[in-house]
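The values are calculated or read from the model by the stated rules, or taken from the named source; none is laboratory data. Since we're looking at a predicted model, the values are computed, not measured. No Cβ is skipped: glycine too gets one built from the backbone with ideal geometry, and neighbour counts run over all protein chains shown. Ligands, DNA and RNA are stripped out before the accessible areas are found, and what is left, the full protein with its side chains, is counted by its heavy atoms. Shrake-Rupley method; radii C 1.70, N 1.55, O 1.52, S 1.80 Å.
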Amino acid sequence: MTSLPRIVITMGDPAGVGPEVCLHLLADSQIARQCVPVLFGDAGILRRVAAATKLPLHAPVISHEQWNAEWSAIDWPCVVDLQTLAADAVQPGVVNAATGRAGYTYVDRAIDAALAGQVAAVSTAPLNKEAMHAAGINYPGHTEIFAARTNAPRSCMMQYSEEITCTFVTVHVGYRDVPALLTKERILDVIELTAAALERLRDKPPKIVVCGLNPHAGEHGLFGDREEERIIIPAIEAARQQGIDIEGPLPPDTAFLPWKRKATDAIVCMYHDQGHIPVKALAFDSAVNTTLGLPIIRTSVDHGTACDIAWQGKANPSSIFSAVRLALRLIGTSPYA
């Protein structure tokens, strides 16, 4: 029996590019030498996508019941057929409630497997928020699903790459809601989670930069409601007292300059686009979305469902490969390894 870790891959929204990038992953011999990828999804849909894209599907298919009964003996890449949605019920590129519910179900079952210790990590293909909401599943995204299902007392999103790494104090909320969600405690939580994760990944204490909320980091109260002075600086000072190497709050328009990124391990951002814009500009095909603070390891692609190119053989699978490789790096200190 292999000693390689099992990693559950969730298929993502069936109407998007998730099934296609997962087919690339299942067919990759190098990944199979590093882990046992187990795809949670619908086999009928996967076969239909394989036929449409001319991609191979050689991995054996097993039922969810067989997985639960025999998971400890499964040491080969396989597809766990959850039979959530019939293949002929999916129209590629079309957002609907049925695919939203199916995508959520894959994630839900994968979390069950991780919490049960059946797998070492979960790597997720993209969900479609509009489709999930149409199905009455009102989570803003994967990050919130994992935090809720695992009862994590604190968590945050990290977008990781060798080029640039950002973590986020707030994520899937409107801009007008951001200031009220910023507290010293929340910012300090994100700083602490960031420092711990980067030390695990890079085996040294990290250098962290914190962005301000307002233009010019508030310009000493000229912009905003003195969020920098009232909230962000106290959090930075508390982190510094813990021995964390930290700088800020820096003006967001200069925090991402090349020389600053080169000297920085991670940048703590106050809201979604403050960090996602530079991450996707610099590392769209290589960045990985991971959720810090969970009792399980979770990584994900850093792109959406790309419905405009779904099932056309055009999807770039590099992000799902990066997600699995980051999961493998994190598994070394995971209780589920």
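Listing for the model above:
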item	result
For Thr99: the one exception among (1) open to solvent by less than 10 Å² (accessible area, probe 1.4 Å); (2) at pLDDT 95 or above; (3) closer than 25 Å to Arg6 by Cβ; (4) out of contact with any Gly (no Cβ under 7 Å at 6 or more places or on another chain)	(3)
Pairs with Cβ under 6 Å, 6+ apart, first in segment 1-22 and under 19 Å from Val94 (Cβ atoms), second among the hydroxyl-bearing types (Ser, Thr, Tyr)	Met11/Tyr106; Asp13/Thr99; Asp13/Thr305; Pro14/Thr99; Ala15/Thr99; Gly16/Thr305; Glu20/Thr53
Failed item in (1) farther than 22 Å from Glu192 by Cβ; (2) touching a Leu at 6+ places or on another chain (Cβ under 7 Å), with Asp265 passing the rest	(1)
Enumeration of residues in segment 193-225 that are assigned to a helix (DSSP H, G or I) and farther than 17 Å from Ala147 by Cα	Ala195, Ala196, Leu198, Glu199, Arg200, Leu201, Arg202, Pro215, His216, Ala217, Gly218
Arg298 being over 30 Å from Pro5 (Cβ atoms) and either modelled with pLDDT of 95 or more or open to solvent by 30 Å² or more (accessible area, probe 1.4 Å) (or both)	no
Selected residue (criterion: least open to solvent (accessible area, probe 1.4 Å)) from residues of segment 258-286 that are in a loop (DSSP other than H, G, I, E, B) and touching a His at 6+ places or on another chain (Cβ under 9 Å)	Asp285
Residue, farthest from Trp311 (Cα to Cα), within segment 60-80, restricted to residues that are part of a loop (DSSP other than H, G, I, E, B) and open to solvent by 20 Å² or more (accessible area, probe 1.4 Å)	Asp75
Filter result for Val178 (surrounded by 15 or more Cβ atoms within 10 Å (Cβ to Cβ) and under 22 Å from the mean Cα position of the chain (by Cα))	yes
Number of positions in segment 123-161 that are assigned to a loop (DSSP other than H, G, I, E, B), out of contact with any helix residue (DSSP H, G or I) (no Cβ under 7 Å at 6 or more places or on another chain) and more than 14 Å from Thr290 (Cβ to Cβ)	4
Which numbered condition Glu229 misses (of (1) part of a loop (DSSP other than H, G, I, E, B); (2) open to solvent by 30 Å² or more (accessible area, probe 1.4 Å); (3) free of Cβ contacts under 8 Å to residues at least 40 places away in the same chain)	(1)
Selection count, segment 102-122, where residues are among the hydrophobic types (A, V, I, L, M, F, W, C), assigned to a helix (DSSP H, G or I) and open to solvent by 10 Å² or more (accessible area, probe 1.4 Å)	1
Residues (touching a residue at least 60 places away in the same chain (Cβ under 8 Å) and within 13 Å of the chain's Cα centre (by Cα)) located in segment 134-164	His142, Thr143, Phe146, Ala147, Ser155, Cys156, Met157, Met158, Gln159, Tyr160, Ser161
Lone unmet requirement of (1) surrounded by 15 or more Cβ atoms within 10 Å (Cβ to Cβ); (2) out of contact with any Asp or Glu (no Cβ under 8 Å at 6 or more places or on another chain); (3) of a type in the set (Asp, Glu) for Asp88	(1)
Residue that is closer than 18 Å to Val279 by Cβ and either out of contact with any Cys (no Cβ under 8 Å at 6 or more places or on another chain) or hydrophobic (A, V, I, L, M, F, W, C) (or both), where the choices are Ala148, Ala197, Ala180	Ala197
Leading residue by the ranking (surrounded by the fewest Cβ atoms within 10 Å (Cβ to Cβ)) among those in segment 2-38 that are outside any helix (DSSP H, G or I), modelled with pLDDT under 95 and of a type in the set (Ser, Thr, Tyr)	Ser3
Where a residue in segment 31-43 is in contact (Cβ under 8 Å) with a residue 12 or more places away in the chain and its partner, wherever it lies, is open to solvent by 10 Å² or more (accessible area, probe 1.4 Å) and of a type in the set (S, T, N, Q), with Cβ under 6 Å and at least six apart	Asp42/Thr84
Residue check, Ala43 over 26 Å from the mean Cα position of the chain (by Cα) and either of a type in the set (Gly, Ala, Ser) or more than 24 Å from Thr99 (Cβ to Cβ) (or both)	no
From Val178, Val171, residue being touching a residue at least 60 places away in the same chain (Cβ under 8 Å) and outside any loop (DSSP other than H, G, I, E, B)	Val178
